[in-house]
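Inspection log for the structure reproduced underneath, given as structure tokens.
The values are calculated or read from the model by the stated rules, or taken from the named source; none is laboratory data. Keep in mind that what you see is a predicted model, and the values were worked out from it rather than measured. A quick note on method: Cβ atoms are made from the backbone with ideal geometry, for glycine too, and the neighbour counts reach across all protein chains shown. Calculation scope for accessible area: heavy atoms of the full protein, side chains included, ligands and nucleic acids excluded. Shrake-Rupley method; radii C 1.70, N 1.55, O 1.52, S 1.80 Å.
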Amino acid sequence: MGKWSKDEMARRVARDIADGMVVNLGIGMPTLVANHLGGKEVMLHSENGVIGMGPTPAPGEEDYDLINAGKQPVTLRPGGCFFHHADSFAMMRGGHLDVCVLGAFQVSGRGDLANWHTGAPDAIPAVGGAMDLAIGAKRTWVMMEHTTKTGEPKIVERCTYPLTGLACVSRIYTDLAVIDVTSTGLRVVEIVDGLDFDALQARTAAALRR
């Protein structure tokens, strides 16, 4: 069975980001999207107080005074700037972000998001700005692997992990498919080559429709 690589997933997300958007890329896999925006005029925001980021710096050109919220070195495009943490969260909470792209442990059939804690006794909670982003952005997209390392579905009928936000996710990008969360359920937009609808449904714990 074929799967999209992380870079292929990032390229697919980038394809849906339009010129002029202000976008937050969450910690982890979503940061790869910055490398696939090409010449689009997109303002990338990070909740630690940076806007106008560019692609990942080349090896040896990292500046660790210029990092994103995941402490990864970033580049700054012309016109970019950095500012107080509180101002950054005001942007997030004030509805000034067109899109945020977040990772997830689970997404439910109605778009509920769980991405900050698995509930395991030894897990370290790491909410960061996820709750503010998930509710504050005009659109919340999730970028994640379709199943866990042990093969358990991450798209579920109802989240069993602590929630980040209710009914906030509008689109899900996985290594197997692109899926829209609609008022009538989960609609499959695209499937990786070599996988049919029934095989995708078998790896998904919430009902899908074409």
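In this simple spin-label model, placing a label point 7 Å from the Cα along the Cα-to-Cβ direction at both residue 182 and residue 81 gives a separation of 4.2 nm. The spacing between region 1-75 and region 148-172, judged by their C-alpha centroids, is 23 Å.
Our estimate of slack between residue 148 and residue 5, defined as 0.36 nm per intervening residue step minus the Cα-Cα distance, is 50.0 nm. A 1.4 Å probe run over the chain, with the rest of the protein chains in place, finds 49 Å² accessible per residue. Between amide H atoms placed 1.01 Å from N, distances below 5 Å from residue 164 occur with 113, 114, 115, all of them 5 or more places distant or on a separate chain. Per-residue 3J(HN,Hα) values for region 143-156, derived from phi via the Karplus relation 6.51 cos²θ - 1.76 cosθ + 1.60 with θ = phi - 60°, read 10, 7, 6, 5, 10, 6, 4, 9, x, 7, x, 9, 9, 10 Hz in sequence order (x marks Gly and Pro). Amide H to amide H, with H built 1.01 Å from N, residue 177 comes under 5 Å of 192, counting only residues 5 or more places away or on other chains.
Tell me the carbon and sulfur percent of the accessible area for region 1-143, rounded to whole percent, probe radius 1.4 Å. Here carbon and sulfur together make up 56 percent of the probe-accessible area. Counting only the Cα atoms, the chain fills a convex hull of 132 Å³ per residue.
Within the chain, the longest run free of chymotrypsin sites (Phe, Trp or Tyr not before Pro) that sit in a DSSP loop with at most 14 other Cβ atoms within 10 Å is 84-210. Placing a pseudo-label 7 Å from each Cα along the Cα-to-Cβ vector at residue 63 and residue 18 gives an inter-label distance of 3.3 nm. At the residue level, residue 3 shows approximately 120 square angstrom of accessible surface with a 1.4 angstrom probe and all protein chains present. Our summary gives the chain a relative contact order of 19 percent, counting only alpha carbon pairs under 8 angstrom and 6 or more residues apart.
When all protein chains stay in place and ligands, DNA and RNA are ignored, the 1.4 Å accessible-area order of 6, 149, 138, largest first, is 149, 138, 6. Rounded to the nearest 20, the size of the Cβ-charge dipole of the chain about its Cα centre is 560 debye, with Lys and Arg at +1 and Asp and Glu at -1. Database remark: amide H of residue 44 closer than 5 angstrom to the amide H of 23, 52, 53 (H placed geometrically; neighbours at sequence offset of 5 or more, or on other chains; Pro and chain starts carry no H).
Derived scalar couplings between HN and Hα for region 51-64 equal 9, x, 6, x, x, 4, x, 5, x, x, 10, 5, 10, 7 Hz in order, rounded to whole Hz, by the Karplus curve 6.51 cos²θ - 1.76 cosθ + 1.60 (θ = phi - 60°), x for Gly and Pro.
Can you send over the carbon and sulfur percentage of the accessible area for region 155-210, probe radius 1.4 Å, protein chains only? Ligands and nucleic acids excluded, carbon and sulfur reach 48 percent.
For the chain, the number of Lys pairs separated by eight or more positions or lying on different chains, with C-alpha atoms closer than 26 Å, is 12.
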